[in-house]
1. Can you go through 218, 171 and tell me which one is in a strand (DSSP E or B), within 24 Å of residue 97 (Cβ to Cβ) and at pLDDT 95 or above?
2. Does the stretch 132-145 hold any residues that are in a loop (DSSP other than H, G, I, E, B) and without any contact (Cβ under 8 Å) to a residue 40 or more places away in the chain, and which are they?
3. Identify, by number, the condition in (1) closer than 18 Å to residue 236 by Cβ; (2) surrounded by 15 or more Cβ atoms within 10 Å (Cβ to Cβ); (3) over 20 Å from the mean Cα position of the chain (by Cα) that residue 222 doesn't meet.
4. Before we move on, is residue 87 within 27 Å of residue 54 (Cα to Cα) and in a strand (DSSP E or B)?
5. Given the structure, is residue 86 buried (at least 24 other Cβ atoms within 10 Å of the Cβ), at negative phi, out of contact with any helix residue (DSSP H, G or I) (no Cβ under 8 Å at 6 or more places or on another chain) and at pLDDT 95 or above?
6. Select from the stretch 297-310 the residues that are without any contact (Cβ under 8 Å) to a residue 60 or more places away in the chain and under 22 Å from the mean Cα position of the chain (by Cα) and write down the one among them that is nearest to residue 224 (Cα to Cα).
7. Starting from residues that are assigned to a loop (DSSP other than H, G, I, E, B) and within 18 Å of the chain's Cα centre (by Cα), keep the ones in the stretch 176-215 and report whichever is surrounded by the fewest Cβ atoms within 10 Å (Cβ to Cβ).
8. Could you list, in sequence order, all residues of the stretch 313-336 that are within 19 Å of residue 82 (Cβ to Cβ), more than 19 Å from the chain's Cα centre (by Cα) and at pLDDT 95 or above?
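The values are calculated or read from the model by the stated rules, or taken from the named source; none is laboratory data. Only a predicted model underlies this, so the values are computations on that prediction, with no experimental measurement involved. So basically every Cβ, Gly included, is an ideal-geometry build from the backbone, and we count neighbours across all protein chains shown.
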């Protein structure tokens, strides 16, 4: 698991490298980077131009880059063509919940300087009694963050499915009221496994009675496909009016011994039918921000000892392929 602090990064041998990273180092290295990555006017001046409002803005879930620190992370994502950040605001995240009041405004200001949106975040909040939940959400809403991902709910084997669902529904109804009061949208991600929401029908049973602006589905196409194979499209249609964000990643299956295991891969290199996915977004009338997740290795084993600037160049070029894949499909299906 990746662990990081808010502004100063404490990650062993990353510390000295990142402390020496500064704007001059970054700009000096841009000549090398631009030779490999065809992007336009990235960091051309110290003041970034404001972004146009777009349908389906593409943010990046920052977990894989948190260890590099916020400035390196944002510069890398700008190089990759991402339009925003989906920041980890949770224990061991980029911003710690107890420091949200101090640090969230700083991250928002940095993102604006870099020309990136900061409208999404991933949290450990699934009810209002989670420590610092109110402080985190109020501070986020006050600084323009519109959507946060919830922590997961679990089925209790002793309670059974129905009693667990009833308990979770009570929690989600209270959380929806909490979100309404603060003015922020929660999103629950369907995930592979036996968590609540993995089957998706259970999530719909609760969300269908709630205003989408208060509590929504973060529809994850990879996890939907892992759990439902060909029938994920039924769940997507069922949830379509309740979808508040779209999580994109790809995978394939590989045999490990006598068991099939998930192998994460870049977008378009796995088994997800993205033509059907993007076509369905249009057909169901889903309009929601996109969060790009990269769960495959961003560096090869022999690249991990490269200089920070060289690693940044490699990571940016890898992520740019995913970002470009999304943009091509949005254009192909006239979603932008």
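1. Answer to the selection: 218.
2. Initial filter on the stretch 132-145 (in a loop (DSSP other than H, G, I, E, B)): 132, 143-145.
Passing the criteria: 132, 143, 144.
3. (3)
4. yes
5. Yes: the conditions hold for residue 86.
6. 297
7. Top of the filtered list is 192.
8. Those that are within 19 Å of residue 82 (Cβ to Cβ), more than 19 Å from the chain's Cα centre (by Cα) and at pLDDT 95 or above: 313, 314, 328, 331, 335.
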